[in-house]
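Participant: Have a look at the structure that comes next, please.
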Amino acid sequence: MKTDYLANPWIKSLSVYEPGKPIEEVARELGFDDIESIAKLASNENALGPSPKAVKAMVACAAQMHRYPDGGGYYLRQALARKLNTDMNSLVLGSGSNELIEMIAHVFLRKGLNLVMADRAFVVYRLVAAAEEASTIAVPMMKDGFTHDLGAMLKAITPRTRVVFIANPNNPTGTVVEPRAIDAFMDKVPDHVVTVFDEAYIELMAPDRQPDTLRYVREGRKVILLRTFSKAYGLAGLRIGYAVAAPVCADLLHRVRQPFNVNAMAQAAAIAALDDDAFVVRTRRMVRNGLAYFEKECRRAGLETVPSAANFFLVKVGQGREVFKALQLEKVIVRPMDGYGLPDYVRVTVGTASENAHCMKALLKVLGCPVRKGRP
Ligand SMILES: Cc1ncc(COP(=O)(O)O)c(C=O)c1O
């Protein structure tokens, strides 16, 4: 049955997002029957699992799942407004921050307009632009190849630009832009542009190092912040994130939002997770220790890594896609980076201490590095 000819003509040129491979798929393909022994370090998930308070809240509301959710997400927006010291009307909930990225594209982009992003920033930005027939101006990163060059991004803005995406910390590089660079950008960004700070990993940074971008929202600037419960709170499977923006901008996003876009269990879990500071502190500690472990072991093995502020890091391995495949045979799933113009690298998510050791041992084996006694 041929349906291609019925589709909008640009749809066939769109690329499909390549997600991290699910454990079950790898197990099926390679004939492993002990799923538990596979270390999935491919999707920047929280190795501690979900916030225990969130799990309790999910169980408590399970018997109410015959009801539609609160479409406006009143109680979660109220809890967020309290936590962030912001106006409830500044908050929009999404089915993951991915959905909010898509809503931003619906609202601000169309054929003939463009978005500006860093060339090695989160790929979903360019996918949503293409779905609206808008173009993407991908700006090379700093000389180091891994950090947003906000000066160059400012210069890349044209009269047809409507959105600039700044992922901070950035996926897949794990780098951050310093508050001074953000301020300099915000001083000069033209009035016809909405700046989106995608802060999916922000809670993983030490609180005193987190940039105060909320200030721009309070000042009524054309800024949207994107946050998620997928990372620090360990709720990736529930699909829940939020945007913070001036109420007039939040109102625009609500207009393209589906009526019940965030499910009831996700809302209940997120409210409980927000109250679980101890879990976020534990997550931060696990990530910091894991990154330190990988950095030390990679240095000992002569492997280059990119310093990261998030729960993953890039490591230079030569043929990234080949190493990705070989690691799967060792029951470790990482992410190849050729899609980001980094064919020599793989991205590794920090896992539990035993997953990290499993990964390091496998990496050294696959790369043919000598394994030292008492070490992985
Ligand atoms: C930079 C960045 N933004 C947004 C997302 C989307 O997260 P979610 O849709 O789970 O909230 C991710 C997911 O990995 C990410 O890395």
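The values are calculated or read from the model by the stated rules, or taken from the named source; none is laboratory data. Note that the structure is predicted; figures quoted are calculated from it, not measured. Backbone-built Cβ (ideal geometry, glycine too); neighbour counts: all protein chains shown.
Participant: Taking the condition surrounded by 13 or more Cβ atoms within 10 Å (Cβ to Cβ) and away from the ligand (no atom under 16 Å from the Cβ), does E203 pass?
Facilitator: no
Participant: Okay, next question. Within the stretch 211-224, can one find any residue that is free of Cβ contacts under 8 Å to residues at least 12 places away in the same chain, in a helix (DSSP H, G or I) and among the acidic types (D, E)?
Facilitator: No, the stretch 211-224 contains no residue that is free of Cβ contacts under 8 Å to residues at least 12 places away in the same chain, in a helix (DSSP H, G or I) and among the acidic types (D, E).
Participant: Identify, please: which residue in the stretch 86-112 is without any contact (Cβ under 8 Å) to a residue 40 or more places away in the chain and more than 28 Å from F313 (Cβ to Cβ) and is, among those, nearest to the ligand (Cβ to nearest atom)?
Facilitator: M88
Participant: If a residue has to be of a type outside the set (D, E), outside any loop (DSSP other than H, G, I, E, B) and either modelled with pLDDT under 95 or closer than 22 Å to G234 by Cβ (or both) to count, how many in the stretch 25-83 make the cut?
Facilitator: 26
Participant: From the list L115, L150, pick out the single residue that is away from the ligand (no atom under 14 Å from the Cβ), closer than 22 Å to R215 by Cα, of a type in the set (A, V, I, L, M, F, W, C) and within 21 Å of the chain's Cα centre (by Cα).
Facilitator: After ruling out the rest, the residue left standing is L150.
Participant: Which of the residues spanning the stretch 1-24 are part of a loop (DSSP other than H, G, I, E, B) and either out of contact with any Leu (no Cβ under 9 Å at 6 or more places or on another chain) or exposed (fewer than 10 other Cβ atoms within 10 Å of the Cβ) (or both)?
Facilitator: M1, K2, T3, A7, N8, P9, W10, V16, E18, P19, K21, P22
Participant: So which residues in the stretch 206-230 are in contact with a helix residue (DSSP H, G or I) (Cβ under 6 Å, 6 or more places away or on another chain), polar (S, T, N, Q) and surrounded by 21 or more Cβ atoms within 10 Å (Cβ to Cβ)?
Facilitator: T228, S230
Participant: Taking the criterion of being within 30 Å of L364 (Cα to Cα), within 15 Å of the ligand (Cβ to nearest atom) and not in a helix (DSSP H, G or I), would at least one residue in the stretch 233-253 satisfy it?
Facilitator: Yes - at least one qualifying residue is present in the stretch 233-253.
Participant: Go through the residues of the stretch 121-140 one by one and say whether even a single one is away from the ligand (no atom under 16 Å from the Cβ), in contact with a helix residue (DSSP H, G or I) (Cβ under 9 Å, 6 or more places away or on another chain), among the β-branched types (V, I, T) and in a loop (DSSP other than H, G, I, E, B).
Facilitator: No, that holds for no residue.
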